[in-house]
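Report on the following structure.
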Amino acid sequence: MQKDKKKPVAIPAHLIVFSTIAILVTSCLLPSTMKYGKPSKPPLIKGIYTADPSAHVFDGKIYIYPSHDPDAAGVSTGDANSYNMVDYHVFSMKSIDGPVTDHGVVLQLADIPWATRQLWAPDAACRNDKCYLYFPARDQKGVFRIGVAVGDGPAGPFTAESKPIEGSYSIDPAVFIDDDGQAYMYFGGIWGGELEKWTDGKYNPSALEPSGNSPSVAPRVARLSDDMKSFVSLPREIEIIDDTKQRVKAQSGQRFFEGAWVHKYNDLYYLSYSTGDYHQIVYAIGTSPTGPFRYMGVLLTPVIGWTTHHSIVKVEGKWFLFYHDASLSGGIDHQRCVKMTPLTYRSDGAIEKINPE
Ligand code: FUB
C-alpha cells in the first residue's frame, strides 16, 4: 500500500513549464485510452471500483472476492487513512469468458463488532458446508487485524465473528487448503499494512522496514483450525531465498511488500506477491506450504496505477491470473478495477512473464 515514504524532489521551474506544455500537447494528440500508458483491455467489473481480487472455483462457478474502492474521487491517497473502504461485494461467473454477476454487499463495516475502518484485501474459503470470508481492518486501537465472517454459501452474505482472529495482525489474508485438507493462512503487508511493526509477534508502533542488505520482512503463515476460524499454530515468518541462498534483501526489487498468494502446481507450492514500490508481482517456489521458497522471477510487470494485487486460479484445467489496475478511473490509485488474463507455465515449471493489457 502506498504510504508517506516518498521524499520531495526539487524540480527547476523551467523544467516544470516545459514538461507542463509537453504533457498538454501530448494529451490533446493521444486518443483517450492512451492517456495513461498503452491502451488497456476492459475491466471485468465496471459498475463499482474494485481491487485485490481473490478468485476461486466453488461449486463449479468462479467467484471473485475483491475490495470495494470508494466511489468518491476525493479521498486522499498516500497516508495510512486512505483506501477507506466500508464494504465487500462478491462477484461470480459461470465460465471464464461469461458475464459477471454482482451479488451485492455481503459484509459491511457497520456490522463488524471489532472493526473501525479500512476493509482491505479479502479472501474466502469453503468447507464443512460453510464459506468463510477473511478480511483485514483496523481495530479500536487503530491496529490492523484479520477477521473472519461466516456464510452459508460462496455468495454470502457473511456474518462477522465478534473478535478478530486471535494472534492475527497486518493485512491481506490468503487461504490455501492443501490436498491433505490442512488449511493455511498467509498474510502481511509492510508500510500501511504495518507488518514491519510485528517482529517476534509483538507490536512496536515505531519499528521501521529494514534497509540495505538486511533480510527483508516476509509474509507470515499459520495453520487454520478445522472450523476455519482460528490459528492452531503461531504465525511464522516465511523464508524467501535468493540466488545467493540468503534471505531476500530489504533493498531489492524481490522483497515482499503485500498481497501473498499460494497455489500448487505439479506438487510444488508457488508463493506470489506484490513488490509494492517496485510495482511488480513476483513469485517463488517451494516444496512445502510453509516454505522456504526460492525466488524465481517476475510474474506481472507494472500496471496502470501504484498498486496491483493478484490471485491465481485453475478453471477447467487452465490457469488464470486475476489482478487490478487503475485504468477504469483514468489512473486514480485508490479507484481500481479487476482484470483477468491466462497464465502459462513453461515445461520447467517457471511461469511466463505477463505484460498487462
Ligand atoms: O486495497 C487496499 C490495499 O491495497 C490492499 O490490502 C493491498 O494489497 C493493496 O492493494
Checklist entry - Out of 324, 334, 279, 309, which single residue is within 14 Å of the ligand (Cβ to nearest atom), without any contact (Cβ under 8 Å) to a residue 40 or more places away in the chain and not charged (D, E, K, R)? => result 279
Checklist entry - Looking at region 43-74, which of the residues that are away from the ligand (no atom under 15 Å from the Cβ) and among the aromatic types (Phe, Trp, Tyr) is farthest from residue 308 (Cα to Cα)? => result 58
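Out of all the residues in region 95-137, which are acidic (Asp, Glu) and within 19 Å of the chain's Cα centre (by Cα)? Reasoning before the result, please.
In the first step, residues of region 95-137 are kept if they are acidic (Asp, Glu); the result is 97, 102, 111, 123, 129.
Once the filter is applied, which keeps residues that are acidic (Asp, Glu) and within 19 Å of the chain's Cα centre (by Cα), region 95-137 yields only 123.
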Checklist entry - Consider residue 211 against the criteria (1) more than 16 Å from the ligand (Cβ to nearest atom); (2) in contact with a strand residue (DSSP E or B) (Cβ under 8 Å, 6 or more places away or on another chain): it satisfies all of them except one. Which criterion is unmet? => result (2)
Checklist entry - Under 9 Å by Cβ, and 6 or more places apart or on different chains, what pairs join a residue from region 56-68 that is over 19 Å from residue 334 (Cβ atoms) with one that is basic (Lys, Arg) and more than 16 Å from the ligand (Cβ to nearest atom)? => result 57/314; 60/94; 61/94; 62/94
Checklist entry - Which ones in region 331-342 are in a loop (DSSP other than H, G, I, E, B) and either surrounded by fewer than 22 Cβ atoms within 10 Å (Cβ to Cβ) or of a type in the set (Gly, Ala, Ser) (or both)? => result 331, 332, 333
Item to check | Single match in 106, 148 (criterion: assigned to a strand (DSSP E or B), out of contact with any Ser or Thr (no Cβ under 6 Å at 6 or more places or on another chain), over 16 Å from residue 224 (Cα atoms) and not basic (Lys, Arg)) | outcome: 106
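Which of the residues belonging to region 109-126 are touching a Leu at 6+ places or on another chain (Cβ under 9 Å), outside any loop (DSSP other than H, G, I, E, B) and open to solvent by 20 Å² or more (accessible area, probe 1.4 Å)?
So in region 109-126, the residues touching a Leu at 6+ places or on another chain (Cβ under 9 Å) come out as 109, 112, 115-119, 122-125.
The next check asks that each one be outside any loop (DSSP other than H, G, I, E, B); those that pass are 109, 117, 123-125.
Hits for region 109-126 are 109, 117.
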Checklist entry - Would you pick out the residues in region 286-301 that are assigned to a loop (DSSP other than H, G, I, E, B) and touching a residue at least 24 places away in the same chain (Cβ under 8 Å)? => result 289, 290, 291, 292, 301
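Filter region 277-289 for residues that are farther than 14 Å from residue 323 by Cβ and open to solvent by less than 10 Å² (accessible area, probe 1.4 Å) and give the result. Walk me through how you get there before you give the answer.
Taking region 277-289 first, the residues farther than 14 Å from residue 323 by Cβ are 277-278, 284-289.
Result: 284, 286.
The values are calculated or read from the model by the stated rules, or taken from the named source; none is laboratory data. Quick caveat, the model's predicted, so the values are computed rather than measured. All Cβ positions, glycine included, derive from the backbone under ideal geometry; neighbour counts span all protein chains shown. For accessibility, only protein heavy atoms count, side chains too; no ligands or nucleic acids. Shrake-Rupley method; radii C 1.70, N 1.55, O 1.52, S 1.80 Å.
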